[in-house]
Structure formats: structure tokens, C-alpha cells
Amino acid sequence: MPRRFSLKTQTKGKAVLMAAVLGLLAPRLTLAWGDSAQRLVVNHAVDTLPYEIRPFFENNRKFLMDHVDDPLGLIDEHPWERNNHFIELDKYGKFPFTALPRSYKAAIEKYSKSKIQATGLLPWQIGVYSQKLTEDMRAGRWEQAKLDAAFLANYVAEAHDPFNTTENFDGRLTQQNGINDRFNSVLIVRYGSFFPLSTHDAFFISDPTDYAFEACLEGHSLVESLLLADRRAMKGLSSYTDEYYDRFYNLAAASLIRQLSEASTDVGSYWLTAWTNAGKPQLPH
């Protein structure tokens, strides 16, 4: 759901100035998979892991599920955190958006740091946290590794939410306000017990940032079909009734289940990749 943000400043003048600056840098509210989706993804991600590392994650399954939404809790204190949860790919031409370099350094050299930050940092943030988890494991910082694994899971799951990849993030450009919440939160709450998630074994990711871009592109490819499904589900109705949600579920469930399944596999794969890049250290049980 959309979150409201507060800035703690010493004076009213500073608050106004800061709000103006943030408005330029981040002109959108952060939307995300709902709590149920994030926990579902983490829960299934643990089951994708090989026997060498699964006991560590299995024993910390509850911790990971409890803390996977922690990044969103940082936004009130650190407003720039919101930019880590989306990327507006359609600000960079047409699919597959080859004009946008996948190297962060090259991207800011081409477009400026302010534009890159304002249009979202999600795939680069995944690369950052993949490296953080690698360094935690290499140094044996297991408590920090648990927390960074939860943060990484949050960002990876976000990359599979189609509406985190578009300027039309909440249907505001097509007068379909609230579609993000209807798709990635309400449908899961209503029908989640029927979801036949289909995950695969976790695998090594050779380039964490590049792979994150691919996940965002795959999610983005679903945006138009989901907007169409929303319009069809609403046909002849004046409000979002049970009939609307039954229709929307029938039209969008396959995409939703696929994205959640792939997110679960990818979260496990990023965890496995961090451990592999750390030199496959012995994990505590």
C-alpha cells in the first residue's frame, strides 16, 4: 500500500525546502508487494536451497519472514530509501530499454545522478545487497548476514512486481488508481491459499545486477496485460466488488503466481550466489 512519509526537521523552513528537494528526486510514493506476498516469497525461497546451506536459512526462516519488510520501515527516517524500491524503465525509451546502461557508473555519466536516482535504483540496489551479503558471509558476520539476507529478499521480490518497473506505477496515468495494491496485495489476501507456486532449485547468478535488470524487464512486460485485465474486470461495475476481484483473479492469477514463483526461486538463488562468491564458508546451524 502507499505509505506516507514524514521528515523530521528543526524548522518549518527547512522542512519545506527538504520536501521540495525530495519532490524533485522522488516524485512517487513507494509501493511494494504486500506483507503477505513478501513473507510468501521468503518462505518458498528457503525451500529452493541446496543441502549445504539450507539448514542456516531453515533455522532462520521466521527471522527472515519477520524482517523482509524492514527496508520499507526505514523510509520515514531516510526518505531516499524509497528510490531503492522501483525503477521507471519507461523513462528510457522503448522495451527492452537498451538506452539505459546497466552499469551504475555509466548510467549516471549518461543521464546524471539526479535523474537515475529520481527514476529508481532497484536493480542496482539488488547488486549492492548481493555484495553486502557476500561480504557478511566471507567475514563470518552471521547476525548481519541474516538481516542483509532479508533486505536482499525484499529488493529481489520488488523486482518481480510489474508495477515497480513503470512510471504508471499505480495506474495513475490510465485512471486505474490503486491497481498495484489490488494486484499484489488484495488478490493475495483473498486467494493466496489457492496459489500453486511452482519454484525451481536455486542456481548461481553470474552477474547479480544484470540479472536484476532482466527480472525487472520480465515484470515490466506484464504491465499492459494487467492494466487490460483490470479494465475488463471492472466492466459494468461501479466499485471494486467481490465480482470484480473474482474476475480480476481469473484474468491475472497466472501472471501473479508466475511472478511470485520466480521471485521465490530468485531470492534463493541470490542467497546461494552470495555464499558461493564468499568462498562457500561453513554456515552455522
Within region 246-268, residues being farther than 16 Å from W33 by Cβ and under 23 Å from the mean Cα position of the chain (by Cα) number 5
Scan region 78-95 and tell me whether some residue there is more than 15 Å from the chain's Cα centre (by Cα), of a type in the set (S, T, N, Q) and over 13 Å from N154 (Cβ atoms).
no
Listed by first then second residue, the pairs whose first member lies in region 161-174 and is surrounded by fewer than 22 Cβ atoms within 10 Å (Cβ to Cβ), whose partner is modelled with pLDDT of 95 or more and basic (K, R), with beta carbons under 7 Å and at least 6 positions apart or on separate chains, are E167/K91
The condition of being touching a Cys at 6+ places or on another chain (Cβ under 8 Å) and small (G, A, S) holds, among A159, A139, A229, only for A159
Being within 20 Å of F86 (Cα to Cα) and in contact with a His (Cβ under 7 Å, 6 or more places away or on another chain) narrows G219, G171 down to just G219
Picked from region 145-197 (must be hydroxyl-bearing (S, T, Y) and within 15 Å of the chain's Cα centre (by Cα)), the residue nearest to V267 (Cα to Cα) is Y155
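Yes/no matrix, rows are residues, columns are (1) surrounded by 19 or more Cβ atoms within 10 Å (Cβ to Cβ); (2) part of a loop (DSSP other than H, G, I, E, B); (3) modelled with pLDDT of 95 or more:
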position: K8; (1), (2), (3): no, yes, no
position: V16; (1), (2), (3): no, no, no
position: A19; (1), (2), (3): no, no, no
position: P55; (1), (2), (3): no, no, yes
position: P71; (1), (2), (3): yes, no, no
position: N84; (1), (2), (3): yes, no, yes
Checked region 163-173 for anything under 17 Å from S255 (Cβ atoms) and assigned to a helix (DSSP H, G or I); matches are F163, N164
Considering residues that are farther than 29 Å from A150 by Cβ and free of Cβ contacts under 8 Å to residues at least 12 places away in the same chain, the number found within region 68-99 is 4
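The values are calculated or read from the model by the stated rules, or taken from the named source; none is laboratory data. In this text, all values refer to a predicted model and were calculated from it rather than measured experimentally. All Cβ positions, even for glycine, are placed from backbone atoms using ideal geometry, and neighbour counts span all protein chains on display.
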